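Note sheet for the following structure.
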Amino acid sequence: MILYFTGTGNSLAVAQQLSVATGENLMPLSAAANRDLGAERCVGLVYPCYDYNTPPAVRNLVERLRLNSEAYVFVVVTCGAQTGNSIYTVRQILKKQGVEVAYSHKIRMPDNSAPIFGRNPNDQLWKLEKYATRLDTIAADIKVRRHGHHFAAPGLAGWLAGLPAVERKLLGGFCPTVDESRCVGCGTCAAVCPVGNITMEGKAHMGPNCTACLGCLHACPKQAVAVGKKTITREQQYRHPKMSLPDLEQR
Ligand SMILES: Cc1cc2nc3c(=O)[nH]c(=O)nc-3n(C[C@H](O)[C@H](O)[C@H](O)COP(=O)(O)O)c2cc1C
């Protein structure tokens, strides 16, 4: 079973490819959190890195997983460049539940936070080709139940970014708002939000549980979603090229 969390499709694309290569079924992490997965002999977790650490929503969902301590558990993190402590944090959460992560790796992908810094994730599509062979290696490793950790060592940046007050400040700065004058109430943002944080009452309204995935920012057909004072252009909006909007509806 491969469990995924995604904002713009990178992690879902990786999870899908691993699912095809290994024959393991796919499930959104949010759907798995309330089930007994004790019968699963192989469980993979695929999710993005946010601010050198694990997205809060992923942490919360992993805390609620019920896995078999005998299962072969692996983690693959997608990131723009650095995984920070995003693998370590999940390993520690599972360890407390008596579950060892046997194998972990990372895949570099277009950075979906790039528009906040004035850059375009669509200029980074070369990463998809460059890291495709790594995905083949990871799939081959999983099939033979290989053990080993890559890019999993904890570091100071990830530790600092994970301090609750720092995390609130950093990720809070990425939580989008809706420009009501541009919003046409189409509901696309609510449909793709992986934590169900957006409600539609004529226009879109953000709730208090944003995990800063930026899925809504990238999916809005009217570019009505902004981060702070930053709106992004249609050209800067990103979704993994093999993913459709309905693919991103993960609840
Ligand atoms: C709020 C936020 C913070 C991010 N922080 C990092 C980071 O610390 N390091 C990194 O390499 N990429 C970072 N990224 C980029 C994502 O990890 C990367 O684009 C990932 O593949 C997105 O996956 P998704 O499409 O499945 O949501 C960040 C993205 C967001 C939205």
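Give a residue-ordered list of calculated ³J(HN,Hα) values for segment 149-160 (Karplus: 6.51 cos²θ - 1.76 cosθ + 1.60, θ = phi - 60°; whole Hz; x for Gly, Pro).
For segment 149-160, the Karplus curve yields 10, 10, 6, 9, 5, x, x, 5, 4, x, 5, 4 Hz.
Please sort 42-49, 205-212, 235-242 by packing, taking for each peptide the average over its residues of neighbouring beta carbons within 10 angstrom, highest first.
Highest-to-lowest ranking by the protection proxy: 42-49, 235-242, 205-212.
Quickly estimate the mean residue ellipticity at 222 nm for the chain, helices only: each DSSP H run with n ≥ 4 gives -39500 (n - 2.57), and the total goes over all residues, rounded to 500.
My calculation for the chain gives -8500 deg cm²/dmol from helical runs alone.
Could you calculate the FRET efficiency of residue 200 with residue 31 from 1/(1 + (r/R0)^6), where r is the beta carbon distance between them and R0 is 30 Å, rounded to 0.05?
With R0 = 30 Å, the Cβ-Cβ based efficiency is 0.85.
May I ask you to list the lysines whose Cα is less than 24 Å away from that of residue 203, ignoring any residue fewer than eight positions away on the same chain?
Cα-Cα hits under 24 Å: 222, 229, 230.
Short version: ³J(HN,Hα) in whole Hz for each residue of segment 203-218, in order, from phi by Karplus 6.51 cos²θ - 1.76 cosθ + 1.60 (θ = phi - 60°), x for Gly and Pro, what are they?
Couplings: 10, 7, 10, 7, x, x, 10, 4, 10, 6, 6, 6, x, 5, 4, 7 Hz.
For residue 72, which sequence-distant residues (separation of 5 or more, or a different chain) have an amide H within less than 5 Å of its own amide H, given hydrogens modelled in the peptide plane?
Placed amide hydrogens put 42, 43 under 5 Å from residue 72.
From the backbone phi of segment 23-38, what are the Karplus-calculated ³J(HN,Hα) couplings (6.51 cos²θ - 1.76 cosθ + 1.60, θ = phi - 60°) in whole Hz, Gly and Pro given as x?
Here the 3J(HN,Hα) series is x, 7, 6, 10, 8, x, 4, 5, 6, 7, 5, 9, 10, 8, 9, x Hz.
Bear in mind that the values in this text are calculations on the coordinates, not laboratory data. No experiment lies behind these values; they were computed from the predicted model shown. Ideal geometry is used to build each Cβ from the backbone, glycine not excepted, and the neighbour counts take in all protein chains shown.
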